[in-house]
1. Can you pull out the residues in region 66-84 that are surrounded by 15 or more Cβ atoms within 10 Å (Cβ to Cβ) and over 14 Å from Thr120 (Cβ atoms)?
2. Please go through region 31-48 and give me each residue that is closer than 18 Å to Leu107 by Cβ and either more than 20 Å from the chain's Cα centre (by Cα) or of a type in the set (Ser, Thr, Tyr) (or both), ordered by number.
3. Would you point out the residue of region 118-170, among those that are under 30 Å from Glu11 (Cα atoms) and among the charged types (D, E, K, R), that is farthest from the chain's Cα centre (by Cα)?
4. Using the structure shown, decide if Leu147 is more than 27 Å from Phe56 (Cα to Cα) and out of contact with any Cys (no Cβ under 8 Å at 6 or more places or on another chain).
5. Quick check: is even one residue across region 130-142 surrounded by fewer than 17 Cβ atoms within 10 Å (Cβ to Cβ) and either aromatic (Phe, Trp, Tyr) or outside any loop (DSSP other than H, G, I, E, B) (or both)?
6. Say we look at region 19-31 and pick out the residues that are touching a residue at least 40 places away in the same chain (Cβ under 8 Å) and assigned to a helix (DSSP H, G or I); which of these is surrounded by the most Cβ atoms within 10 Å (Cβ to Cβ)?
7. With Val118, Val162 as the choices, which residue is more than 16 Å from Ala62 (Cα to Cα), crowded, with 22+ Cβ neighbours inside 10 Å, at pLDDT 95 or above and not basic (Lys, Arg)?
8. Which residues, taken from region 32-63, are in a helix (DSSP H, G or I), among the hydroxyl-bearing types (Ser, Thr, Tyr) and surrounded by fewer than 17 Cβ atoms within 10 Å (Cβ to Cβ)?
Amino acid sequence: MNLLGRAARAEWGPLYAAVRAGLAARRWRAIPMTVGAVCLTALLQYAQNQSWGYRFVQDIGAVRAEDPLGPALLRTPLSVFVPALDLPVWGALAQILVVFGIAEICLGRWRTLTVAYVATLAGTLYARVGIALGPHCPLGLPASDALVVDTGPSAAVVGLAVFLGWRYRAYRTAGAVVVAMIVEVLVKENLAGKEHLAAIAAVLVVCAVSTLRQRRSGRERTGSGSGLPPIRS
């Protein structure tokens, strides 16, 4: 038990401490964006299941690869909060509350939204590229996927989970998320699973760029502190 406890503290200790401090200081006021996102997702789910609201929600927040690129990009930010019609909405709401909430506390509101959007946009753009490549390419998709609505909140949730794992050095957790998404594609090869992998790939690029910037900044601070001119790349 002590071994498991030490492993858990090593994996999740810094993340837990950050979340606990944020909630202790502000309670629900620490996650206003997350609460708003949960309410918006619930509202959109209710509306799209009504005869009067289905077409409206589709027009403002549903993205398909067959759509012209311009309108699709305009709908993409809202598509993060449009849950899939064929899945229970409570799952999407729980994912948003937990993952967006932790991210908002640990990363801040705007960084959370940025990572979520990057992940969602990566999936949206991948669908178009995959269909253009065709089903015979390893990264390709069948033409029928052009009619399928994009993933909704799940790509953003997966991307945020990986980014949080990298940011707080919970590497095993981030790796488990990646492995789970790979297994999803192997077991049930569909558009959503491949969009999740595209979202992860985009977020890993963001992590790599952030790491390089941090290292460069550290070298420049070291050079300045030693009386030497900053290192220029």
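1. Asp67
2. Within region 31-48, Thr34 is the sole residue that qualifies.
3. Step by step, filter region 118-170, then rank; the result is Arg169.
4. In short, no.
5. The answer is yes; a qualifying residue exists.
6. Per the criteria, the residue is Val19.
7. Unique residue meeting the criteria: Val162.
8. Hits for region 32-63 are Tyr46, Tyr54.
The values are calculated or read from the model by the stated rules, or taken from the named source; none is laboratory data. Predicted model, so just to flag it, every value in this text is computed and none were measured. Cβ sites come from the backbone with ideal geometry, for glycine too, and all protein chains shown count toward neighbours.
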